Structures are given as C-alpha cells and as structure tokens.
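As structure tokens, the structure follows; a few thoughts come after it.
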Amino acid sequence: MAEHVVSRKTYIVVWIALMALMVLTAGLSRIDLGEWSTVVAMAIAVIKALLVILFFMHVRYEDQKITWVVVIAGFFWLGILLALSMTDYLSRGYLGVAGH
Amino acid sequence: MATIAAPAVERENYLNTDFRVRSWLLTTDHKRIGILYLLSITAMFFVGGFAATMIRLELLTPAGDLMSSDTYNKMFTIHGIVMVFFFLIPSIPATLGNFLVPMMIGARDLAFPKINLASWYMYITGAGLMMYVVLTGGVDTGWTFYVPFSSTYSNTHVIAAVVAIFIAGFSSIFTGFNFIVTIHRMRAPGMTWSRLPLFIWSHYATSVIMVLGTPVVAIALTLVALERAFHMGIFDPRLGGDPLLFQHLFWFYSHPAVYIMILPSMAVVSEVVSTFSRKRVFGYAAVALASIAIAVLGFLVWAHHMFVAGISAYAALVFSLLSYFVAVPSAIKVFNWMATMYKGSVSLATPMLYAMGFIGLFTMGGMTGLYLAALGIDVHVHDTYFVIAHFHYIMVGGAVMGYLAGIHFWWPKISGRMYPEAWGKIAAATIFIGFNLTFFPQFVLGYLGMPRRYHAYPPEFQVLNVMSTAGASILAVGYVLPLIYLLWSLRYGEVAPDNPWAATGLEWRTPSPPPTENFPETPVVTWEAYDYSSVAEVPVAR
C-alpha cells in the first residue's frame, strides 16, 4: 500500500488547532465552572488526542481494518481501566468501605 | 540414533555463519537475539536466586540474626523486581518465543528485526541500571512500589529502580507488537489461523497483554518518581492525590503480568503434551480461544489485590466475581491437556516430566487463587505466606517449569545437540521435590498467620520454615544441574537429528540448528496442526 501524502497545510492547520485548544484549556482553568471544570477539561483533551491520532498518526488515511482494530482496542482497554476503577471510586459512598 | 555419524563438513547454520562478537551484538537474526536474551535472563535469574537464598537463610531461625530488617527488605525487593521484570516477563517470549514464532509460522524472521535487536538493548540497559541500584545500596519498597512509602518515606534508590523498569518495559512492548505483526502478516502459504500451533496462539495472547498493559505500569511508576522528585500531588492526599490510585494503576498491569508469565508456559505445555502423547491437542479451538480469553479476562480482575486496602465493598464484590471467571479458561486448558494424554502414546521424556509437573503445580496454584478471590478468606490470609505460596506455585511451579520444559524440548533445535536424558530426568525430579518442599509448608505457615516481608517470626513457625529452607536448597541444586549439563552438551552431547521427537511443527522440518534464513525455501503447509501422520519419522530419542 502506498503511503498517503498529507499536505503541509493540513499539518499546520491541525497544529494551530492544537495550540488554540491548549490556550483554551489554560484559559478555562482560571474560570470556576464548578463540577463542569473537569468535564470541559477532559472534553478538550479528548479532542486534542483525536486530532493527534487521526492526522499526525495517519489513522484517518488508513483504510486497513486491522489498524482500526488496534486503535479501537487501545481505547477499549483504556475504558476498562477507567470504568472498573470507577466501580471503586463512585461506590465508596453508598456501600461503605470494606472493614469499616 | 547411534548409527548417525556427524557429517564431515558441518552444514552452515545460524550459529557457525559468523563467529565475531560484532556479528552477535549487531545481529538481526531472531534466533541469535533469542540466544542473547537466554544468556541475559539466565544471569538475572541467578541474581534473583541469590536474593532468594539470602531470604531463606535468614528465615532458618526465628530471630532476625543474619541481616538487619532493612537489608532483608532490600533482599525481598531485589528478589521480586529481578525475578518478575527481568526474568519471568521476558523468560519464554523473548527466548523461545523469539526463536520459534517465525519458525513455527514458516517465516524467515520477525516483521521488525531491528526493533527486535533494539528490544534486547532496552532490556540490557534496564537490567544494567537495576544492577547499579542493587550494587549501590538497593531499594526497599517491595517490588510493588506502594505509595506513600515509595513516593515519600523510603530513603533508597526508588527513582533509579523505576526508571530501570520503565526502560525494560519498552523491550517487552517491542517484543509484543513484533509478534502481533509477524503472526498477522508473515504466515507461510497454507498456515491459516486454525492451523497455527497453540504456541503461537498463546504468544499472540501474551503479546496483546504486553502491548496494552505495559504502558500503564510505566506511567504509574513514572508518577511515583514525579511525586517523589517534584511533590506533584498524584497519590499523596495532602497534595490532593489518592494513594489507592497507585494500586489501581499498578495492578492493572501487574495482575495481567502474571498471564504474561503463565500463557507462554501454557504455550510450551500444549506443544510438549501433544508431542509426547502423539495425539492432536484435545479441543484445539477451545485451547486456542482460552488463551485469548485469559488475556482479556486477566485485565478485569486486578483489584483482588486490594480487598483489604480500602476499596469500596461494591468494587470488592465485582472484582471477586470477575476473578472467578479467569478460572474457566485456565481449567479448560488443564482438562484438555489431560484429555490429550488420555489414550495417547505417552512417553516420559524430560520435557514431558516438566509439562506434567506444570499441570499439577499450576492447578494447585490456580485453586488456591480461588481461595484468595473469596472475600472472606482473603481478609484472613492477605499478606501472609499463603499468598507467597500461591503465587510461587503459579510463577515457579507453573511458569518456570514450563520454561524448563521448553528449553529441553527445543534444545536440540537451538544448539544442534541432545541434552543427556538421564540427567534431565534427575534434574526434573529434583526440582519437583525441592519446589514442593519449599512452598507447600508456606501454605500452612500463611494459614497459621505468618505474615510476609518480616525477617523474624515466632518460634512455633520454625519447623515449617526449616522445611522450606531445606526445600530451597534442593531446588537450587535442581536449577544448577541443567545449567551444567546443557553447557556440557554443547560440546559433548550427541548430535541432534532434525526432528528428534517426531514432532509436527514447521520448526522441526528444517535442519538442527536451522540455517540463518530458517527454511531453504518457503514452506507450504498442507496439513492441520498436530497431524502426526504428516511426519514420517519414528521418534528416536525418547
């Protein structure tokens, strides 16, 4: 399979977007959004990660299914880490801590 | 076999093609890299073994009289770190896996030979740094690096040790994705997924764990280093952190790491049991998929290490239940190996002795794992010698027995020489007896309440501890024996035929030792896995 050639312009646009999002993150950290602070910060982080994966890591131009399997598996495993850790953190209030 | 004389002109193979040191240190041949790993992990095994010897000597008497408690802490930490990260994790995948994965699927090398070499250099760099830590005062946190001790209170080389593990982790990731890509892309014509040897299926599952799990432990340990050096508030509640977060992140990798150790051993056992029963593995598809199931389920159970650490009762319930699930694919494998032997033409050559030892000891390790997954029992035996005995039955009785089975089974292919069969059997029996005498008393000790990680204990525990130390001495003899006779066989062993066991794998259908390119021409596979009618030869060395 031939390498997909990505124009320099695309890279520069993505880079500018990443920088803008970074400024946005830094700016929003100075404003108190209450419990939404974390949600907004994480949402921006996810967008940045997607930009890097899709453009800089060329996943967007990859037409082989196996590449997508690898990418999705990576995220699925991250999901396992977060979801099962949360079974602990989110339930500490309503069933108590073992031994206490 | 006595009638076969050594050929007058030795065939060119991967060993005699070039003798210069440079040709080894810059090699991209997966077989030579396997040998480099074999030498390195053997050295590390004896470093870890030395620490184990010191631990057992200290525990010979109830008083802490041989070394101070601080030195003892360093000894069990060194033992744990070296054995887990620098011996067991790379043991089978990086040596036998490196050697055999391309050969078994009919490829000339791994998909990324240079990255394979880089993985060895990563390993050596990590191991070298770890040895520096050992020689300059050690580290005393236990191999688990629990915070806040590791991040705040320990005065030893914590940062250097975690950096060493971080670096060695890359060697593991490199090996893992190399195997995944190789198995997907480089199978010989006719080598379909359903014809893959079970060795390959297990190594595929192992590779998935290596690639998906290792980054998490690397980051967890990096965060410890960052908190220690720069007081970043990750785990310290005073800085807004959560100490249990470290345990979650650490065990997310370090529990599946047990499956990195045991799955490759299961890979070896599947090959050995089939070959020495002269039967196709019973329920091939079930055994293959059980490997994948273990890899996936292994990621869902980690918090069973944390039942008494303060996780919520609900989380404990969930993880206890999930932990039981892993027993299912493990049991499928054990029962299917038994069914393979049933009505087979079983011969008790050395690799088969180790494989049968594996099956028995792994079963005991696995069953006691179910005790530990039960919430009530875990509270009683947590952090006692019961846990020590349990995981040594898995890691030594399971993983190391499988490793030795594999080393003996493929020794003729790797070295071109037969090992001395009688000595092989004596060593296997010595290891089995020594192992059980070492670790069975520890189940009893733990159940009676002896905690782990103390250098002194109440006098009533002495008899069992003496038994354990005596067993460890026998075990040590058992480990030194193969080292001696395998080295002896390199010069004096009988010249090995291409397929001494009349096994079916592609690696046996090429010369011993193999040429650098593995196969003179690309093999075409027309038979199913473990089809013994596809090999004409009668086994000669049994």
Counting only helical runs of four or more DSSP H residues, what would the 222 nm mean residue ellipticity of chain B come to if each run contributes -39,500 (n - 2.57) and the total is spread over all its residues? -21000 deg cm²/dmol
So, by mean Cβ neighbours within 10 angstrom, what's the order for B:191-201, B:13-23, B:411-421 with the highest one leading? B:411-421, B:191-201, B:13-23
Label-point gap, in nm, between B:ASP65 and B:MET367 - each point 7 angstrom along Cα→Cβ: 3.8 nm
Quick one: angle between helix B:113-135 and the longest Cα principal axis of chain B, in degrees between 0 and 90, rounded to 10, please. 40 degrees
What is the projected area of the convex hull of the Cα atoms of segment B:77-204, averaged over all directions, in nm²? 8.2 nm²
Cβ under 12 Å from B:SER68's Cβ, B:SER68 left aside: what net charge do those residues give with Lys, Arg +1 and Asp, Glu -1? -3
Chain B: angle of helix B:284-297 to the longest principal axis, Cα-based, in degrees nearest 10: 30 degrees
What percent do you get for the relative contact order of chain B when only Cα pairs under 8 Å and 6+ apart count? 18 percent
Considering every residue in B:306-313, what mean count of other chain Cβ atoms within 10 Å of its Cβ is obtained? 6
Most packed first (mean Cβ within 10 Å per residue), the peptides B:506-518, B:471-483 order as B:506-518, B:471-483
Trypsin sites (Lys or Arg not before Pro) in segment A:12-100 lying in a DSSP loop, each with at most 14 other Cβ atoms within 10 Å of its Cβ, come to A:ARG30
Gap separating the Cα centres of segment B:390-454 and segment B:508-537, nearest whole Å: 31 Å
Largest first, what is the accessible-area ranking of B:LYS114, B:LYS279 with a 1.4 Å probe? B:LYS114, B:LYS279
What whole number of Å gives the distance from the Cα centroid of segment A:48-78 to the Cα centroid of segment B:193-207? 25 Å
Given A:LYS48/B:LYS31; B:LYS74/B:LYS114; A:LYS48/B:LYS114; B:LYS343/B:LYS425, the pairs whose alpha carbons are separated by over 30 Å: A:LYS48/B:LYS31; B:LYS74/B:LYS114; A:LYS48/B:LYS114
With a 1.4 Å probe and ligands and nucleic acids left out, the total accessible area lost when B pairs with A, in Å² to the nearest 100, equals 1800 Å²
Assuming a ≥ b ≥ c are the square roots of the Cα gyration tensor eigenvalues, decide whether the protein assembly as shown counts as rounded (a/c under 1.5), prolate (otherwise, with a/b larger than b/c) or oblate. oblate
If amide H atoms are built 1.01 Å from N in the plane of the peptide, which residues on other chains or at least 5 residues away come under 5 Å of the amide H of B:THR384? B:ARG452
Quick one: 3J(HN,Hα) in Hz for segment B:141-148, Karplus 6.51/-1.76/1.60 with θ = phi - 60°, rounded, Gly and Pro as x. 8, x, 5, 8, 6, 4, 7, x
I'd like the Karplus ³J(HN,Hα) series for segment B:45-55: coefficients 6.51, -1.76, 1.60, θ = phi - 60°, whole numbers in Hz, and an x wherever there's a Gly or Pro. 4, 6, 5, x, x, 4, 4, 4, 4, 5, 4
Debye intensity ratio in log₁₀ form over the Cα atoms of segment B:200-269, taken at each q of 0.24 Å⁻¹: -0.94
Residues A:PHE75 and A:MET19, FRET efficiency given R0 of 25 Å [Cβ-Cβ distance, rounded to 0.05]: 0.55
Taking the Cα-to-Cβ direction at A:ARG30 and at B:GLN462 and moving 7 Å from each Cα, how far apart do the two end points lie in nm? 7.2 nm
For the protein assembly as shown, dividing by residue count, accessible area per residue (probe 1.4 Å) in Å² works out to 43 Å²
What are the ³J(HN,Hα) values, in whole Hz, obtained from phi via the Karplus relation 6.51 cos²θ - 1.76 cosθ + 1.60 with θ = phi - 60°, for each residue of segment B:162-169 in sequence order, with x given for Gly and Pro? 5, 5, 4, 5, 4, 5, 4, x
Solvent accessible area, Å² - B:HIS390, 1.4 Å probe, full protein context: 30 Å²
First measure r as the distance between the Cβ atoms of B:TYR492 and B:VAL524, then evaluate 1/(1 + (r/R0)^6) with R0 = 35 Å and state the FRET efficiency to the nearest 0.05. 0.40
Any aspartates and glutamates with Cα under 14 Å of the B:LYS279 Cα? List them, leaving off those in the same chain fewer than 8 positions away. B:GLU271, B:GLU528, B:ASP531
Summarise the accessible area of the protein assembly as shown (1.4 Å probe, protein heavy atoms) by the percent that is carbon and sulfur. 71 percent
Classified through the alpha carbon gyration tensor (a ≥ b ≥ c as square roots of its eigenvalues; rounded if a/c is under 1.5, else prolate when a/b is larger than b/c, else oblate), segment B:28-534 comes out prolate
Run the numbers for B:PHE325 and B:SER194: contour at 0.36 nm per residue of separation, minus the present Cα-Cα distance, in nm. 44.6 nm
Linear extension gain, B:THR152 paired with B:TRP24, 0.36 nm per residue minus alpha-carbon span: 41.8 nm
If you average the C-alpha positions of segment B:354-389 and of segment B:33-85 separately, how far apart do those two centres end up, in angstrom? 22 Å
Which residues qualify? For B:ARG417, with a placed amide H closer than 5 Å and at least 5 residues away or on another chain, they are B:ALA496
Starting from the amide H of B:VAL525, placed 1.01 Å from N in the peptide plane, find each other amide H under 5 Å away whose residue is 5 or more places distant or on another chain. B:GLY190, B:MET191
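The values are calculated or read from the model by the stated rules, or taken from the named source; none is laboratory data. Please read these numbers as outputs of a predicted model, since none were measured by experiment. Please note: Cβ atoms are built from the backbone with ideal geometry, for glycine as well, and neighbour counts cover all protein chains shown. Calculation scope for accessible area: heavy atoms of the full protein, side chains included, ligands and nucleic acids excluded. Shrake-Rupley method; radii C 1.70, N 1.55, O 1.52, S 1.80 Å.
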